[in-house]
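Since the structure comes first, as C-alpha cells, the remarks are kept for the end.
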Amino acid sequence: QVQLVESGGGLVQPGGSLRLSCAASGSISSIFAMDWYRQAPGKQRELVARVTSGGITNYADSVKGRFTISRSDAKNTVYLQMNRLEPEDTAVYYCHTLGTLGKSWGQGTQVTVSS
C-alpha cells in the first residue's frame with residue numbers, strides 16, 4: 001500500500017504561481033508512475049501531468065508550457081509547479097500513483113485562481 005499526502009494548494013490571482021507537493025509513504029518501491037489529476041466542479045477528473053520512474057513526463061495540452069511535474073526520489077515526493085495560472089485551472093488537485101500493488105489517491109488539495 002502507498003499513502004499520499006498533498007499540500008500547497010490555495011488562492012492565487014490569475015497569472016500567479018503555486019507549487020503542489022505530494023509525499024508518498026509505504027510501499028514506495030512498487031511505484032512506477034506518479035501523476036497529478038484535477039477535478040473542477042461539474043467536470044470529470046482529468047490527468048494533468050505524469051512522471052514515470054524513468055523520468056519521462058507528459059502533460060495535458062491545456063497545461064503544457066505552464067506546469068512542470070518533477071519528483072525527488074530522496075524525499076519520496078512529487079511536485080507540480082504551476083505558473084501563469086488561469087481561472088480555468090481552478091479545481092481540486094489529486095496526487096495519484098500507479099504501481100505493482102495497484103493505484104493510490106491522495107485526499108486532494110484545492111486550487112482557486114481568482115482576482
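The values are calculated or read from the model by the stated rules, or taken from the named source; none is laboratory data. These numbers come from a predicted model, not from an experiment. Please note: Cβ atoms are built from the backbone with ideal geometry, for glycine as well, and neighbour counts cover all protein chains shown. Accessible surface areas use protein heavy atoms only, side chains included; no ligands, DNA or RNA. Shrake-Rupley method; radii C 1.70, N 1.55, O 1.52, S 1.80 Å.
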Hits in region 85-115 (condition: closer than 21 Å to residue 11 by Cα and of a type in the set (Phe, Trp, Tyr)): 93, 94
Extreme residue, farthest from residue 47 (Cα to Cα), among residues of region 92-115 that are touching a helix residue (DSSP H, G or I) at 6+ places or on another chain (Cβ under 8 Å) and loosely packed, with under 14 Cβ neighbours inside 10 Å: 114
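Is it true that some residue in region 68-84 is in contact with a Pro (Cβ under 9 Å, 6 or more places away or on another chain), under 27 Å from residue 13 (Cα atoms) and either crowded, with 19+ Cβ neighbours inside 10 Å or touching a residue at least 60 places away in the same chain (Cβ under 8 Å) (or both)?
The answer is yes, given that some residue of region 68-84 is in contact with a Pro (Cβ under 9 Å, 6 or more places away or on another chain), under 27 Å from residue 13 (Cα atoms) and either crowded, with 19+ Cβ neighbours inside 10 Å or touching a residue at least 60 places away in the same chain (Cβ under 8 Å) (or both).
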Only one residue in 91, 74 is modelled with pLDDT of 95 or more and more than 12 Å from residue 3 (Cα to Cα). Which one? 91
Of the residues in region 45-67 that are open to solvent by less than 60 Å² (accessible area, probe 1.4 Å) and part of a loop (DSSP other than H, G, I, E, B), the one that is nearest to residue 10 (Cα to Cα) is 66
Which ones in region 1-44 are crowded, with 16+ Cβ neighbours inside 10 Å, under 24 Å from residue 114 (Cβ atoms) and of a type outside the set (S, T, N, Q)? 6, 8, 9, 12, 18, 20, 22, 36, 37, 38
Taking residue 17, is it closer than 19 Å to residue 69 by Cβ and either within 10 Å of the chain's Cα centre (by Cα) or not basic (Lys, Arg) (or both)? yes
